[in-house]
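The values are calculated or read from the model by the stated rules, or taken from the named source; none is laboratory data. From a predicted model like this one, the values you see are computed outputs, not experimental measurements. All Cβ positions, glycine included, derive from the backbone under ideal geometry; neighbour counts span all protein chains shown.
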């Protein structure tokens, strides 16, 4: 045995007759790939009772007879330990067993046997507990004793991206039971190629030919084996690419054993499909984008092209992939453009992953969660795992996740949310936007909001939370507020370093990770699955948030600023004739009255902005506005241009209308443009591709009570044997036959430009997407549909 230092990347465990042992796959500093197997970890839980001493509890649970599936379950040993719970010291029993799967049976038996028993950490996974116990952080240098062996040397930790293209009919999801994989592209720092199963003349050396789908899949397997990537990344690869490849491998009687232990990837189908590979970190980048990065993006369309355009300023040229099947079958000489399209896809995935990897690593360091799991977590899960990581260090017991009855009770609980100042519809000039820096985290620390400080005896009768009947301790720092305080302080130090010129991708990623976790705590406290759920804490944070934002609005109004809009932690002010310096001075004076750490920050100046009305009344819609920046670009929130369930022609029309309105300030030109689009639809000059509406299934088809067009189409696809489920994007066109809209929904290949329902697209797609904007600049729906060339005064321009 020799000592070696290595970076653990993928972590798992196996159960044997002797017990369980950890498997830590990783690489050494010199680039050697290895798997450290560590035996001797004993699964355990903690037991606490208010009616019995730890010694009595230990004796009773040791004597318990426990059965699981007609087999005995044994507690191997117990010990009495000192722990803390919500900051309070206590003594409890630590009970060990042989296999992690036995913990639930032991927990249930304890509840039946011990009066007023509380069980902790029976539901905290073995890998998670082992990493915490052994102080191992994934992707951080770790020392271990290993046997010397002949593992192969790799140059660097390798990220490999892949993308696939399949044979599929136009407008329909590919079916792995019927449609073969035609090409697979792979990109790493040393590799960039597309493998395709049909030959054609080309000088592109990045294209590799094979004869059959079997050889295509086999070559993919060989490249994984040769290249030995540490991380394999795709886009929608959890639920599409990898399961599709596995099913096609089965159809070809091939075992796709790409795991480092020569195992086949494992597909876990739950509320979300997760595909894992032994020894290789599989990242579905679309999930990390959607769950973690989306809040930082302008776009609300999280397709690969939209995300790459914003983060990398790169896109791949649009290509009608529905034509690939016909080209592959009949015109293989035209396959080159599809191979290039496929390769650009994996190139973009690789570049995005490389760009975002510092963010992932910093989140791994904060939460202690392996990369495979972390990239699939939402904000509440990130917050909880950070709290587990940090409070474990403080010897705190980790409370269990709520049982079903408690979850249902929590879901019925409600509290008043953030304050929203509804905007008055109109177009405004000279807009300054301010927002509170980390409003909710600073409220938590400033007012010591934590489950263990709630309604303390020492502060009873002192100042309550605004609008509430409860209070928080002023004398003793709460465990949660202390943890958030650390996050804020660390982030501020890093921001100061960046401001002083020490900027680097690592520092920026660390600042982002700290901000992400800190901002997630508020939502986590009200999350019905949270271990540290506290409704009173969430209520109080919201109350303080409303207090500070309304104070800001009142102060701005008193200083002569016109408040256009406010939501949660931001305020939009029309400066009118005031210079921006006066608004900055106003901000400085307001900050002087805020608690320490809380600060109002300047977000930006916008020469022009538009707020539209709701359907119900005169006030503008919440988060439905567009702003023109000083750089002459648009920031669009809440409009159809950034929403799904809208046809491309409607999105494109609305985008262009906003550009004309804000950039050119030309109401007549804006009206004429929309009229032109409507005329083209009536004349059927808009191609069918612009009419396809894509809607994502949120649940299984059979779970829908209300049958919308996308559900009706999904049922038709199922009847044809095509696999459809949650997450599937359903494309359809509304045609002119049938009484109900769902009856008129057709697959794109079933109709042409002569079939789509002209009136539906004008009245249900174009008009709803432009009507509220046109109202702001002085035009009505009647003006839009009139053939007369009318002009109106711009009554609403300010």
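Scan the range 463-471 and tell me whether some residue there is buried (at least 18 other Cβ atoms within 10 Å of the Cβ), at pLDDT 90 or above and not in a helix (DSSP H, G or I). Yes, because at least one residue in the range 463-471 is buried (at least 18 other Cβ atoms within 10 Å of the Cβ), at pLDDT 90 or above and not in a helix (DSSP H, G or I).
Of all residues in the range 638-665, those satisfying the criterion of being surrounded by fewer than 16 Cβ atoms within 10 Å (Cβ to Cβ), at pLDDT below 90 and on the phi < 0 side of the Ramachandran plot are 643, 644.
Restrict the check to the range 706-722 and report whether at least one residue is modelled with pLDDT under 85, outside any helix (DSSP H, G or I) and surrounded by 14 or more Cβ atoms within 10 Å (Cβ to Cβ). Among the residues of the range 706-722, at least one is modelled with pLDDT under 85, outside any helix (DSSP H, G or I) and surrounded by 14 or more Cβ atoms within 10 Å (Cβ to Cβ), which makes the answer yes.
Each row is one residue, and each column tells you yes or no for (1) in contact (Cβ under 8 Å) with a residue 12 or more places away in the chain; (2) under 20 Å from residue 594 (Cα atoms); (3) outside the structural domain of residue 444 (by TED's automatic domain parsing).
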{"site": "517", "(1), (2), (3)": "yes, no, no"}
{"site": "520", "(1), (2), (3)": "yes, no, no"}
{"site": "531", "(1), (2), (3)": "yes, no, no"}
{"site": "545", "(1), (2), (3)": "yes, yes, no"}
{"site": "549", "(1), (2), (3)": "yes, yes, no"}
{"site": "554", "(1), (2), (3)": "no, yes, no"}
{"site": "566", "(1), (2), (3)": "yes, yes, no"}
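A residue that is assigned to a helix (DSSP H, G or I), within 19 Å of the chain's Cα centre (by Cα) and at pLDDT 95 or above cannot be found anywhere in the range 320-337.
Exactly one residue out of 686, 677 is outside any helix (DSSP H, G or I), at pLDDT 90 or above and surrounded by 14 or more Cβ atoms within 10 Å (Cβ to Cβ): that is 686. Of the residues screened, residue 260 is not one that is outside the structural domain of residue 13 (by TED's automatic domain parsing), at pLDDT 95 or above and either under 23 Å from residue 13 (Cα atoms) or outside any helix (DSSP H, G or I) (or both). Selection of the range 201-224 for residues being under 14 Å from residue 342 (Cβ atoms) and in a loop (DSSP other than H, G, I, E, B) yields 202, 204, 206. Residue 119 - would you say it is modelled with pLDDT of 95 or more and under 33 Å from the mean Cα position of the chain (by Cα)? Judged against the criteria, residue 119 is a match. Output yes when any residue across the range 448-459 is assigned to a strand (DSSP E or B), touching a helix residue (DSSP H, G or I) at 6+ places or on another chain (Cβ under 9 Å), closer than 25 Å to residue 487 by Cα and in contact (Cβ under 8 Å) with a residue 60 or more places away in the chain, and no when none is. Within the range 448-459 (the criterion being assigned to a strand (DSSP E or B), touching a helix residue (DSSP H, G or I) at 6+ places or on another chain (Cβ under 9 Å), closer than 25 Å to residue 487 by Cα and in contact (Cβ under 8 Å) with a residue 60 or more places away in the chain), the answer is yes, since at least one residue qualifies. The single condition from (1) free of Cβ contacts under 8 Å to residues at least 24 places away in the same chain; (2) within 27 Å of residue 364 (Cα to Cα); (3) touching a helix residue (DSSP H, G or I) at 6+ places or on another chain (Cβ under 9 Å) that residue 10 fails is (1).
Scanning the range 723-778 for residues that are more than 24 Å from residue 671 (Cβ to Cβ), part of a helix (DSSP H, G or I) and in contact with a strand residue (DSSP E or B) (Cβ under 9 Å, 6 or more places away or on another chain) returns 744, 748, 750. Taking the criterion of being buried (at least 19 other Cβ atoms within 10 Å of the Cβ) and within 18 Å of residue 431 (Cβ to Cβ), the residues of the range 528-566 that qualify are 549, 552, 556, 561, 564, 565, 566. Identification of strands (runs of 3 or more DSSP E) wholly contained in the range 19-72 with 2 or more residues that are touching a strand residue (DSSP E or B) at 6+ places or on another chain (Cβ under 8 Å), closer than 30 Å to residue 229 by Cβ and in contact (Cβ under 8 Å) with a residue 24 or more places away in the chain yields 19-28, 33-41. Screening the range 265-285 for residues that are part of a loop (DSSP other than H, G, I, E, B) and touching a strand residue (DSSP E or B) at 6+ places or on another chain (Cβ under 9 Å) and picking the one that is farthest from residue 214 (Cα to Cα) gives 279.
Within the range 357-388, being touching a helix residue (DSSP H, G or I) at 6+ places or on another chain (Cβ under 8 Å), surrounded by fewer than 20 Cβ atoms within 10 Å (Cβ to Cβ) and part of a helix (DSSP H, G or I) holds for 358, 361, 365, 379, 380. Would you confirm, using the coordinates I've provided, whether residue 288 is touching a strand residue (DSSP E or B) at 6+ places or on another chain (Cβ under 8 Å), in the same structural domain as residue 202 (by TED's automatic domain parsing) and either part of a helix (DSSP H, G or I) or within 21 Å of residue 238 (Cβ to Cβ) (or both)? No, not satisfied.
Mind telling me which of the residues 36, 93, 57 ends up being under 27 Å from residue 143 (Cβ atoms) and in the same structural domain as residue 14 (by TED's automatic domain parsing)? Unique residue meeting the criteria: 36.
Please determine whether any residue of the range 479-491 is outside any helix (DSSP H, G or I), surrounded by fewer than 20 Cβ atoms within 10 Å (Cβ to Cβ) and touching a helix residue (DSSP H, G or I) at 6+ places or on another chain (Cβ under 8 Å). So far as the range 479-491 goes, no, none of its residues is outside any helix (DSSP H, G or I), surrounded by fewer than 20 Cβ atoms within 10 Å (Cβ to Cβ) and touching a helix residue (DSSP H, G or I) at 6+ places or on another chain (Cβ under 8 Å).
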